[in-house]
Amino acid sequence: MYRPSPLVRAYFLEKKLGTPAKIYYKFEGNNTSGSHKLNSAIAQAYYAKKQGLKGVTTETGAGQWGTALSMACSYFDLDCKVFMVKVSYEQKPFRREVMRTYGASVTPSPSTTTNIGKAILEKHPGTTGSLGCAISEAVEVAVGTEGYRYVLGSVLNQVLLHQSVIGLETKAALDKLGEKADIIIGCAGGGSNLGGLISPFMGEKLRGEADYRIIAVEPASCPSLTRGVYAYDFCDTGMVCPLAKMYTLGSDFIPSANHAGGLRYHGMSSILSQLYDDGLMEARSVKQTDVFEAAEMFARVEGILPAPESSHAIRAAIDEALKCKETGEEKTIVFGLTGTGYFDMVAYEKFHDGDMNDYIPTDAELAEYAAKLPKVD
Ligand SMILES: *Cc1c(COP(=O)(O)O)cnc(C)c1O
């Protein structure tokens, strides 16, 4: 229904920047869920149906994953139980309503429908919830309900595999145009869109067939690759999922309020972590206000209203194009535009009103979390 997604030459952005670089973006926001997450949601719902399951459970923070999974489940006639972090449930009622339109049940977390939810509410009455707590509730329901499984929308290897459709299509389109990318850029939360986008290019790089500069962009408020530790850690705050070796800030690291909800994850996909540790990929972090400046410039010249998460990649693409302007190099830059920002207008409002902050954790804060990493021999 929505594939292939378009690979667009950003002529108007190039002109605005006055750069000799060619800029392309692969746009994943052309589906109702508004992001690339549908690519993995469809695959996971398909296999769940094939396995004979009745339904799946999951958690959602910002809401993109829950929305994507609701759409996929409705298509395959599967039940979908979403635990949505209470603060987003209250702040983003329209996301919740999209999920209900596709037939999902959406429960604000912590809830009184699970034991863990009740225990958390007893200990912290009035809490607005967290992703870790929502994961724990979703897992409890999956384990205790026959025919149900818990599914995750990023980080894990199978999710990167599903997202490789982004890279395969990008490669096919570039080949058709006779273009060769020099720099490939993506935002990185759990690493699924970037992992998918770079997959065929990294394959060529590893086999020595071609070389690319690959750049992961993360928020300065949640800098897992650029300032994290490469170690075994829990994938979730609830410490119920298996340990993974990855760049991490520690599973109980709570990033400061940041409007790119999809990038507020403490760790990073094991595959991307290994590639980064092997020096095959670069990483940089960017400040929130710089990200929204790039988002707004992009919206005004290219027309698409980008998601805050995606705008991290826009920021880095603009910065690389401006470097080309200085050096006169005609590089080809490709970046992943993961989604649209229609449900993020409170963030845009804060930016426009000058109320957006750029909190960056101190080394001492990060060291405190790193000291609490699980001890593994
Ligand atoms: C979830 C999300 C991301 C980050 O997740 P990854 O797994 O790192 O790709 C980026 N952009 C959008 C629009 C998202 O919804």
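FYI, it's all coordinate maths here, none of it is from the lab. None of the values given here were measured: they were computed from a predicted structure. No Cβ is skipped: glycine too gets one built from the backbone with ideal geometry, and neighbour counts run over all protein chains shown.
Sum up the charges of everything whose Cβ sits under 14 Å from the Cβ of residue 176, counting Lys and Arg as +1 and Asp and Glu as -1, but leave residue 176 out. List each step's numbers first, then the result.
Numbers: positive: 9, 26, 171, 180; negative: 169, 175, 179.
Summing Lys/Arg as +1 and Asp/Glu as -1 gives +1.
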Legend entry - Dipole-positive endmost among 61, 44, 201 within the chain (Cβ charges, Cα centre): 44
Legend entry - Cβ crowding within 10 Å averaged over residues, with 26-37, 289-300 ranked highest first: 26-37, 289-300
Inset, instruction - Quickly rank 68-75, 157-164, 5-12 as a protection proxy: mean count of other C-beta atoms within 10 Å, highest first. - result: 68-75, 157-164, 5-12
Legend entry - Unit Cα scatterers, Debye sum, region 38-150: log10 I(q)/I(0) for q = 0.09, 0.10, 0.11 Å⁻¹: -0.21, -0.26, -0.31
Inset, instruction - For region 96-110, just list the computed ³J(HN,Hα) in residue order, Karplus coefficients 6.51, -1.76 and 1.60, θ = phi - 60°, integers in Hz, with x standing in for Gly and Pro. - result: 4, 5, 5, 4, 5, 4, 8, x, 7, 9, 10, 10, x, 10, x
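Can you tell me the convex hull volume per residue for the chain, based on C-alpha atoms, in Å³ to the nearest whole number?
On the way: hull volume 55.5 nm³, N = 377.
Per residue, the Cα convex hull of the chain comes to 147 Å³.
Once you list every other residue whose beta carbon is under 10 Å from the beta carbon of residue 227, what net charge do they have if Lys and Arg are +1 and Asp and Glu are -1?
On the way: positive: none; negative: 218, 363.
Summing Lys/Arg as +1 and Asp/Glu as -1 gives -2.
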Inset, instruction - Name the long-range amide H neighbours of residue 286: under 5 Å, sequence gap of 5 or more, or other chain; modelled H, no Pro or chain starts. - result: 218, 220
Inset, instruction - Report Rg (one decimal) and Dmax (nearest whole number) for region 192-246, counting Cα atoms only, units Å. - result: 14.5, 42
Legend entry - Isolated Cys residues of the chain, judged by Cβ distance under 4.7 Å to other cysteines: 133, 187, 222, 324
Legend entry - Listed peptides 252-263, 354-365, 277-288 by packing density, highest first (mean Cβ within 10 Å): 252-263, 277-288, 354-365
Legend entry - Separation between Cα centres of region 1-73 and region 270-346, rounded to whole Å: 17
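For the chain, give the magnitude of the charge dipole about the Cα centre (Cβ charges: +1 Lys/Arg, -1 Asp/Glu; no others), in debye to the nearest 20.
Details: 38 positive and 44 negative charges, 178 e Å.
With only Lys, Arg, Asp and Glu charged at Cβ, the dipole is about 860 debye.
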